[in-house]
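Enquirer: I am attaching a structure below and will ask some questions about it afterwards.
Each value in this text was obtained by applying a stated rule to the coordinates, not by laboratory testing. These figures come from a predicted structure and were not determined experimentally. Backbone-built Cβ (ideal geometry, glycine too); neighbour counts: all protein chains shown.
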Amino acid sequence: MKLFFALSAALALLFSVACKTMEIGVPQEVVILSFPGEASVYINGEPVGVTPVQTALPRKMTHEVRLSKAGYNTSVKYFTPVENERGKALITFGLVRDFGFYVDLSPNPMEGQLRTDLLPQAIGPTPFEEMAKRVLEADRRLQDGEISPLEHRVITEQILAFFE
């Protein structure tokens, strides 16, 4: 009798795991990168680490990825399920489809370009003065060690491009 209950419990657990996997899909390895690096990564609102990040996500659902770093605007991107080459076959099979093997999360790898928080909302009436003030702030951040020389170059390029 104990064996029957143990076997029943094991089958029920296996069935519930299989049903959940059929609903959301089997996990797929994804890579998340950012420039500048070392941005905090949140997937579906949960913290998962600092870029670069490699993690496994269920492949049959869309995932929100939020990248944040001090001194930069938050970037939000999405992994979405996209039919892969196996899904385009003439014949597909039920369980393989149910577990999500005919879709892949895209884009993979995901690359997030963070924009500096030094960019204004609008150019304003004195664009050269505004541009100079923002470049000087980037210079101060570099001098104080808040950003790297590479980040300084990218921030300066973003400011110049904005005011072009």
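Enquirer: Would you mind pulling out the separation of the Cα centroids of region 28-97 and region 108-152, in Å?
Expert: Computed from Cα coordinates, the inter-centre distance equals 27 Å.
Enquirer: Using the 10 angstrom Cβ neighbour count as an exposure proxy, how do Tyr42, Tyr78 rank, fewest first?
Expert: Fewest-to-most ranking of Tyr42, Tyr78: Tyr78, Tyr42.
Enquirer: Give, as ranges by residue number, the residues of region 47-75 whose backbone N falls under 11 Å from the point 7 Å along Cα→Cβ of Arg115.
Expert: 73-75, by backbone N distance to the label point.
Enquirer: Pop out the ³J(HN,Hα) list for region 99-108 in order, Karplus 6.51 cos²θ - 1.76 cosθ + 1.60 with θ = phi - 60°, rounded to Hz; leave Gly and Pro as x.
Expert: Result, rounded to whole Hz: 7, x, 6, 9, 10, 10, 6, 9, x, 9.
Enquirer: Which one, Asn84, Val135, Ile159, is farthest towards the positive end of the dipole of region 19-164 when Lys and Arg carry +1 and Asp and Glu -1 on their Cβ?
Expert: Positive-most Cα among the choices belongs to Asn84.
Enquirer: Follow-up question, since we're still on this one. Taking amide H atoms as placed 1.01 Å from N in the peptide plane, list the residues 5 or more away in sequence, or in a different chain, whose amide H sits under 5 Å from that of Ser34.
Expert: Counting only residues 5 or more places away or on other chains, the set is Gly112.
Enquirer: Return the tail of the calculated pair distribution for region 54-115, meaning the percent of Cα-Cα pairs more than 17 Å apart.
Expert: Everything past 17 Å amounts to 49 percent.
Enquirer: What distance in nm lies between label points placed 7 Å from Cα along the C-beta direction at Glu23 and Ala161?
Expert: Inter-label distance under the simple model: 4.2 nm.
Enquirer: Taking the number of other C-beta atoms within 10 Å as the exposure measure, put Phe99, Phe79 in order starting with the fewest.
Expert: If I rank by nearby Cβ atoms, fewest first, I get Phe99, Phe79.
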